[in-house]
Amino acid sequence: MGSATISGSWARLHRLQASFAAVARSRADERAALADARALAATAVPACLRALGGPTAGRAWVVTVLRAVAEVAPDRVVAGLRALIDGPVADDVKLTVLSLLAELGDETATARFADPLAVHKQSLARFESQLGSPADVASAAELLVSRLAPTALVEFVEAFAEACPDGARRLGEELCGRVELDVIARLEVDRLMAPLRLAAAPAIRPQGRPALLTGLRHPDGRAVIAIARRVAGERRWRSLCVLIDATGALADVLYRDAGTLAELRDRVIEPIAVEGYDRVAMTPTSARRLVGFAARRAVALGRPLPSGYYLGRDLLELADSHLQGERSPDAAALLGRALELLATGDRARARPLLELVVRRQPDDAEAVSGLGLCLLGLGEHDAAVRALARAAELDPAWPLHHWNLAAAAHRAGRLDVCADALVAFLARADEPAAATIDAGHHRRVAIARRFVADHRRYAAATRDRPDPRS
């Protein structure tokens, strides 16, 4: 009996190893290999770990097998994966291992990478690849909100926006709609999203009629709306059931990522119907209007929205219907992001944002000044003088507008304009608010006085000098 057991284990291990080397596998082959992996348990781990360092094309299958082994021997799988990342394996293998360890509940493992920057970019690209459907985006946003502190979340979104703009835009828009996220963090994410929104968003294709849409209403005013749609290319249905209380506010949500229409009818709709609810006519438009109003009312009452609402609201095409009022104006968010880029020296990226804001709000002195400073840094001195002169005209009481104009005029060789701007600067330099600008204010005042005095002496000498042509 012992010999037969050993022989059977060897046969299972051989078949499992053959599946790692196979170019293509049928579903039957994969089911058999996963059964072998579970039967082998810890015995399969060394073979899986060796295969994990093999060709990238087969790595996803090895990970699937390791998940199956972890169902019966989790400690052995985790220990093997931890040992693997401490060894001489490629960075992309380590990244795969860390991801699998996190999935198995071990989020404390770390690794040393040969090229950390490349790994960071690869990690973000892998994260973006998982943002397929609106439900995937909502799930990722929920994970970030629940796992990261607000500051860390904003830092992640900023890094993600640098590496993967399209994925970051979709994730950021979802985060901007999360009422449970710290309000300051939401404003920061909104600011980061402003330049990404400039890219034309793909047209949203209507989803068509749902597979199931039911409305039920109780005599006491409560209502239930249930909707289900089939997942394209799959034999599963996503469903969302919303309970609205007698005041019209969203009270509870049941969301299912996979199921059948029969299950939804038998386990949810029919039990509710026998509790005194009557069916009412419902269209996608009326359902969207009712649920959107209920969500807004819940938010206004200070109630958190259930996670199922965020995960399933795309079934009703609700988007940000739960938000009260409008978000911060795009121009303000764009200007904030542009000035931040300008402060870090990234003028090439700041310029188109500033130009757009100035086109939208040509009388915004801060935006016009920002554009002028950006042009000055790019060496376009004449254009900078024009912009900064306009900023000083729009907001003459602010001393720095005149100082910045003087700096641009000096670089452009227009000393008369420079001197006039410094005179205007000095005229406002002694005002109480001016002294609080920064520690360099007094130094600027001294420079301005010296330049104006020198320029006046030079101008006087030039006027008194005989003209050699006379």
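Computed from the coordinates by the stated procedures, all read-outs in this text should not be read as laboratory data. Values in this document were obtained by computation on a predicted structure and should not be read as measured data. Here the Cβ is made from the backbone with ideal geometry for all residues, glycine too, and neighbour counts use every protein chain on show.
In terms of modelled amide H atoms, which long-range or inter-chain residues lie less than 5 Å from the amide H of residue 251?
Under 5 Å from the amide H of residue 251: 243, 244, 245.
Just how far, in whole angstrom, is region 127-195 from region 283-353 if you go by their alpha carbon centroids?
11 Å
With each label point set 7 Å from Cα along the Cα-Cβ vector, what nm distance links residue 24 and residue 106?
Between residue 24 and residue 106, the label points sit 3.6 nm apart.
Modelled label-to-label distance, residue 300 and residue 355, 7 Å Cα→beta-carbon offset: nm?
So the two model labels end up 4.4 nm from each other.
Which of the peptides 143-153, 288-298 is most tightly packed, and how do the rest follow, judged by the mean count of other Cβ atoms within 10 Å per residue?
Highest mean packing first, the order is 288-298, 143-153.
Which value in nm describes the separation of the simple spin-label points at residue 163 and residue 99, placed 7 Å from the Cα toward the beta carbon?
Taking the simple label geometry, residue 163 and residue 99 are separated by 1.1 nm.
Relative contact order of the chain, please, whole-number percent, based on alpha carbon pairs below 8 angstrom and at least 6 residues apart.
Computed over the chain, the figure is 7 percent.
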